[in-house]
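The values are calculated or read from the model by the stated rules, or taken from the named source; none is laboratory data. Since the model is a prediction, treat every value here as computed from it, not as a measurement. FYI the Cβ positions are ideal-geometry reconstructions off the backbone, even for glycines, and counts take in every protein chain you see.
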Amino acid sequence: MSLTDDERRIMVELEIERAEKITEQFETLREQQYWDTLVNRMYYAAFHAVSALLIHNALHVHTHRGALSTFNKEFVRTGVFTIEEGHLFSKLEGLRERGDYNCFVDATEDEILPLIGPLKALIEKIKTKISE
């Protein structure tokens, strides 16, 4: 998919707006103790922010795994983002898949809450990288 500069800019803005809108839902889901839903929303906030970064850099992917793989290849392995930030995105994807598809295991407060701060920091860092 080839985008013009204006189309790319609009797509990046829309992806960032989506990430921010989802992030606003975290507190309500935490208060309701909807841990599986919270981790789902956390993953999608990360996914939309990473998608914005990829689009900004004219990197095209077609799957969630492709976004994770490309983020790690292009930004983590090159040192733009830390290994921990790459692991965070990967961990959120795994937790989201487990919560969405595994009826036998539920996400817990103890495993989810410590990820919120680092996720918000990752999204802010992505926004900064895009604006540079």
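Put simply, of Lys73, Lys127 the only residue that is basic (Lys, Arg), farther than 19 Å from Met42 by Cβ and part of a helix (DSSP H, G or I) is Lys73.
Asn40 meets each of the listed conditions (1) closer than 16 Å to Lys129 by Cα; (2) within 16 Å of the chain's Cα centre (by Cα); (3) among the polar types (S, T, N, Q) apart from (1).
Helices (runs of 4 or more DSSP H) fully within region 1-58 that include at least 1 residues being touching a residue at least 24 places away in the same chain (Cβ under 8 Å) and of a type in the set (Val, Ile, Thr): 5-23, 35-56.
Can you say whether Glu124 is at pLDDT 95 or above and under 16 Å from Ile22 (Cα atoms), as far as the supplied structure shows? Against the criterion (at pLDDT 95 or above and under 16 Å from Ile22 (Cα atoms)), Glu124 qualifies. Take the conditions under 16 Å from Lys127 (Cα atoms), at pLDDT 95 or above, of a type outside the set (A, V, I, L, M) and over 13 Å from the mean Cα position of the chain (by Cα) and apply them to Thr82. Does it pass? Yes; evaluated as a whole, the condition is true for this residue.
Among the residues of region 31-45, at least one is under 17 Å from Ile126 (Cα atoms) and hydrophobic (A, V, I, L, M, F, W, C).
Exactly one residue out of Glu15, Glu74, Glu27 is within 13 Å of the chain's Cα centre (by Cα) and farther than 25 Å from Asn102 by Cβ: that is Glu15. Applying the criterion of being aliphatic (A, V, I, L, M) and under 20 Å from Glu20 (Cβ atoms) to the residues of region 50-103, the residue that is surrounded by the fewest Cβ atoms within 10 Å (Cβ to Cβ) is Leu88.
The residues of region 62-116 that are in contact (Cβ under 8 Å) with a residue 40 or more places away in the chain and basic (Lys, Arg) amount to a single one, Arg96. When restricted to residues that are of a type in the set (D, E, K, R) and surrounded by 16 or more Cβ atoms within 10 Å (Cβ to Cβ), region 104-119 contains 0.
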